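This report concerns only the one structure given below.
We did not get these values from a lab; they are worked out from the coordinates using the rules stated. All of these numbers come straight from a predicted model, not from anything done at the bench. So basically every Cβ, Gly included, is an ideal-geometry build from the backbone, and we count neighbours across all protein chains shown.
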Amino acid sequence: METFFYPRSLVVFGASATKKKLANIVLLNNLQNGYQGKLYGIGSQEGELNGIKIYKNVMELPETPDVAIFLTPAKTIPPLMRACGEKGITHVVIESGGFSEYSRREKTLEEEVAQIAGKYGMKVIGPNCVGTINFDIKMMMPFGFFSNIPAEAGKVALIVQSGGVGGTFLRSFYGYGVTPGKFVATGNKLQLDETHFLEYLLQDEKTEIITAYLEGFKRGRDFFNLAMRSPKPIIVLKSNRSRASEKIAQSHTTALSGNDDVADAVFKQAAIIRVEDEINLINAVKILGLPLMRGRCVAVLSRSGGHAVLTADACAKFGFEMKPFPESFLEKLKTIYHTRVIAHQNPLDLGEIFDYTIFIDILEEALKLDTFDGVLFNHLYIAQYESHMSRTFLQGVEKLVAKYKKPVALAMISEREEMLDVSKNYSFPIFTSPLEAADALHTSLAYYEKRLFRDNRGKEPVYKIDKNVIQNIRQRCDAEKRIALTNEALEICAACGSEAVKSQVLSDDFSPGRISLRYPVALKLLSRDASHKTDIGGVRLNIRNKKDLLRASAEMKSAIKKLKPRPAVDGFLVQEMAKEGAEFFVGGRRDSTFGPIVMVGLGGIYIEIFKDTAIRLAPVTKREAKEMLQELKAYPLLQGARGEKRADINALVDVICRVSFMMTAEAGIGQIDLNPVIVHPQGQGVSIVDARVFFEK
């Protein structure tokens, strides 16, 4: 991977000495911006472009270039790649698009390119991409002219799936004072993808912050595993968020865990910072360049009383606490300046001060206090009169942040041109409003908390699974070409240690006299055709005696006969009624991108209406399972809301971990739903009363 960022030589296919070509832009960019490596062009005619020699054939080159860049029609790429392979070129960037339009018999053009790459041991970026940029050596592969190249490379790397979006980000970086270091656009990801480049950048000593624009993941689980170990902040703008289908699936877990829901869970679990747009991404980069916010206490200093009020609202929105300044701080203020009108409180209104040295002194006193984890400073000024002093103030803030290792979110509020100038020409990050500054501090704190949790998540528990039980049930289902029946699904749960309530399976013509369970009981239809039993009247609860059981079974059979189409009757399940408790749902499935996931949420028949769920990649630790519960709006039910007893949270955590473990240890299970899992008061455990299992096809 190093070769793509530090090539000693480049050859660009599609160049011309006489015509305007995209390939020419790549060559001229590198020439004009100071790239010191050797440059070659390949075109239909020999010639020179600003001193760069253009050859007709790659075999004529005086050396074997490190990287070949293609900007020729898609159909020309395979023979050109073969020639590169014969020349010994092992790193290729295919910037051309249009590959989906071509196929040769049974083989697509992309498949042909992949085959050639495999034969010659080539690494390939693209197709339909703009390659890499390394500002450290002024090397750039995109076919767009670059200006405003930083004199020194920054510590921020950018991985993008779209070259157009990437170019926009780079221009915005310049406008907001963020200096990039390395850039790569992956395009169609025929071979190399975002995970390859994440792995490289995590090891790159010159990269401190990794940003990304992604539309999807090629190897989601591998990306996740790298992020889980990352010592560097990873900031991702993920698009393509809408669900492919709103159709309700057989499994609640499938219906409630769309692609973006799983991606969001991945970001939480791996401490990846998810941003919503370009400005959020830039602000995240800026605040993470400062020491991290390690707590929720903020000192607010403001040159405007009105902006102090706005800041208080913004801090409240993000859950920050503005504790009063200690008396020692207030006494110190009296030695720094003579207050006349404004009360000393947090937020502290500095509107009566016009000596900039006093601002620095007050800020330093605030940073000294152990009470506060960070400072939000509103600096309002008129550029015509205070521009020079504001820049001196900015430099003072930067020194104090370095000294006290706490973040200062500085909202510099002035004329637009003034703020743009400060953003571009000063390294210390600024924000444009109290809300933006508070949001940035929240990003810093959220990253700190998620990373701390991630790094101390504990170990995933390991459980014994009776795989013979699961295998026998699967063989029956495969032989009869049906789904697992409810009793079989509950047996699978028990095979991993999650026992269901006591039950008996009876045939269609059962007699209540054969029931050896304690009343009251529930009666449930067993049918290979009815995944949702409640919807067709296949569930009766609180049956109190044999007579009522006989009546309920007769009514259920009669109702089923009237259904069109009529579902198959595989028997009936009679269960002892569980004690009352809070109804929750636990499920798992195999995501096509990230692999096994586990889900928990408010259960019962309205699960898909309330959609109160939390998702994690499996397997999870007990700490992670507990965190999932705490995310739910229904969590207060478990804590004992409105005078109710505290629920047995540990027992529910155990069920989550067992389902999570089963999804990773038993590859044959595609989806599993436990709904409801009835959670009883603390110390009384849970009751699993219904389950569905779908095997992988």
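Pop the C-beta distance of PHE145 and THR18 into the FRET formula with R0 = 22 Å and round what comes out to the nearest 0.05.
In this case the efficiency is close to 0.70.
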Which shape class, rounded, prolate or oblate, goes with the range 467-576 when its Cα gyration tensor gives a ≥ b ≥ c as root eigenvalues, a/c under 1.5 marks rounded, and past that a/b bigger than b/c marks prolate? oblate
Whose amide H sits under 5 Å from the amide H of CYS297, counting only residues 5 or more places off or on another chain, with H placed in the peptide plane? GLU321, ASP373
In whole angstrom, how far apart do the alpha carbon centroids of the range 408-443 and the range 146-186 sit? 20
Within straight cross-link reach of LYS579, meaning Cα distance under 24 Å, which lysines are found once same-chain residues fewer than 8 apart are removed? LYS502, LYS524, LYS533, LYS546, LYS547, LYS626, LYS633, LYS645
Using amide H atoms built 1.01 Å from N in the peptide plane, name the residues 5+ places from VAL160, or on other chains, whose amide H lies under 5 Å from its own. VAL184, ALA185, THR186, TYR213
Toward the positive end of the charge dipole of the chain, about the Cα centre and with charges on Cβ (Lys, Arg +1; Asp, Glu -1), which of GLY216, ILE470, GLY643 goes farthest? ILE470
Quote the charge dipole size of the chain about the Cα centre in Debye, to the nearest 20; the model charges only the Cβ of Lys and Arg (+1) and of Asp and Glu (-1). 2100
On a full-extension model of 0.36 nm per residue, what is the gain between LYS579 and GLN32, subtracting their alpha-carbon distance, rounded to one decimal in nm? 189.2 nm
Between their Cα atoms, which of LYS218/LYS464; LYS232/LYS405; LYS87/LYS138 are more than 28 Å away from each other? LYS218/LYS464
Computed over the range 36-159, Kirkwood Rh from alpha-carbon pairs, angstrom: 15.9
I need to check one value: relative contact order of the chain, counting alpha carbon pairs closer than 8 Å and at least 6 residues apart, in percent. 9
Roughly what would the spin-label model give for ASN50 and TYR6, points 7 Å off Cα along C-beta, in nm? 2.6
Determine the shape class of the range 290-455: with a ≥ b ≥ c the square roots of the Cα gyration tensor eigenvalues, call it rounded for a/c under 1.5, and otherwise prolate if a/b is greater than b/c, oblate otherwise. oblate
Fully extended, how many nm does the chain gain between GLU86 and THR357 (0.36 nm per residue separation, minus their Cα-Cα distance)? 90.8 nm
For the range 539-548, what does the Karplus curve 6.51 cos²θ - 1.76 cosθ + 1.60, with θ = phi - 60°, yield as ³J(HN,Hα) per residue in whole Hz, taken in order and with x for Gly and Pro? 9, 10, 10, 6, 7, 9, 7, 4, 4, 5
Could you please state, rounded to a whole Å, how far the C-alpha centre of the range 489-561 is from the C-alpha centre of the range 282-303? 58
When ARG514, ARG551 are ordered from fewest to most other Cβ atoms inside 10 Å of their Cβ, what list results? ARG514, ARG551
Mind pulling the angle between the C-alpha long axis of helix 649-665 and the longest principal axis of the chain? Nearest 10 degrees, somewhere in 0 to 90. 80
Karplus couplings for the range 377-383 from phi (6.51 cos²θ - 1.76 cosθ + 1.60, θ = phi - 60°), rounded to Hz, Gly and Pro as x? 10, 8, 10, 9, 7, 9, 4
If you wrap a convex hull around the C-alpha atoms of the range 382-431 and split its volume per residue, what is the figure in Å³? 64
Rounded tilt (10° steps) of 305-317 against the dominant C-alpha axis of the chain: 40
Between the residues PRO407, VAL375, SER390, the Cα farthest towards the positive end of the dipole of the range 345-460, that dipole coming from +1 and -1 charges on the beta-carbon of Lys, Arg, Asp and Glu, is from PRO407
For the modelled label position 7 Å from the Cα of LYS459 along Cα-to-Cβ, which residues of the range 662-686 have backbone nitrogen atoms closer than 19 Å? 662, 664-665
Placing +1 on each Lys and Arg Cβ and -1 on each Asp and Glu Cβ in the range 2-250, then taking the dipole about the Cα centre, the residue among THR186, LEU198, HIS91 whose Cα reaches farthest towards the positive end is THR186
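Quick one: order VAL659, VAL422, VAL11 by neighbouring beta-carbon count within 10 Å, fewest to most.
Details: VAL659 30, VAL422 20, VAL11 26.
By the 10 Å Cβ count, ascending: VAL422, VAL11, VAL659.
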Which of VAL67, VAL275, VAL598 has the fewest Cβ neighbours within 10 Å, and the rest in rising order: VAL275, VAL67, VAL598
Under 18 Å from a label point 7 Å along Cα→Cβ of SER387: give me every residue in the range 402-436 with its amide N that close. 412-427
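Take every Cα pair under 8 Å in the range 290-455 that's 6+ residues apart, average their separations, divide by the length, and report that relative contact order as a whole percent.
32
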Could you work out how far helix 22-33 tilts from the main Cα principal axis of the chain, as a 0 to 90 degree angle to the nearest 10? 60
Could you compute Rg(Cα) / (2.2 N^0.38 Å) for the chain, with N its residue count? 1.20
